[in-house]
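Step one of this worksheet: look at the structure below.
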Amino acid sequence: MARLKANVKVRDRDMGWKGFKKRVASMKRSTVYVGVGDEATGLEYDADRTSGETMRVYQGGDVPLVMRALWNEFGTEQNPERSFLRSTVDENRWTYRFMLVKAALARIFSNRFKQYMKNIGERVRDDVRDKIDSHVPPPNADYTVKMKGFDHPLVETGEMRDAVGYRVEED
């Protein structure tokens, strides 16, 4: 009986797997911040100072924009909650998830990831601004309507709406 001898050599060539793994791992370090102040615009605020007591201190004075945004988003003892950030994300979560999937695919298969992340920031920012324009309930109190001259709960000068911004960060 004859014996066959064979020498087998195996070469393992990297056809892009290492680069693929690196790109996928780096996705964790990319973040889109959207908001008024703090993360979006660089303004800082003290989150512990959002109580009604603090609001009384500011009455008659210049209230920082980020503070007014917090009071509207979460409400205070005197003012009802009028969420414009959280509610926007909740209402559009499937759209944003789809956009994130597209961004992830762009990270893996193309070099357009940063543009996709920028597009997400712009879309969320625009959706938040549209939400502010949509007369978020509840309506203003009669006293507030008289004071402002019109009934638009989240708009007095348009300053808060215009200050909604976004920032894309990569670590």
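The values are calculated or read from the model by the stated rules, or taken from the named source; none is laboratory data. Computed from a predicted structure; not experimentally measured. Counting neighbours? That spans all protein chains shown, and the Cβs are built from the backbone with ideal geometry, glycine included.
Observations
- Taking the listed residues Glu122, Glu44, the one that is within 18 Å of Tyr166 (Cβ to Cβ) and at pLDDT below 80 is Glu44, with no other qualifying.
- Within the span defined as segment 57-66, one or more residues are polar (S, T, N, Q), at pLDDT below 95, surrounded by fewer than 17 Cβ atoms within 10 Å (Cβ to Cβ) and farther than 17 Å from Arg161 by Cα.
- Residues of segment 151-171 that turn out to be small (Gly, Ala, Ser) and touching a Ser or Thr at 6+ places or on another chain (Cβ under 6 Å), as a count: 1
- Test result for Ser30, at pLDDT 75 or above and among the polar types (S, T, N, Q): yes
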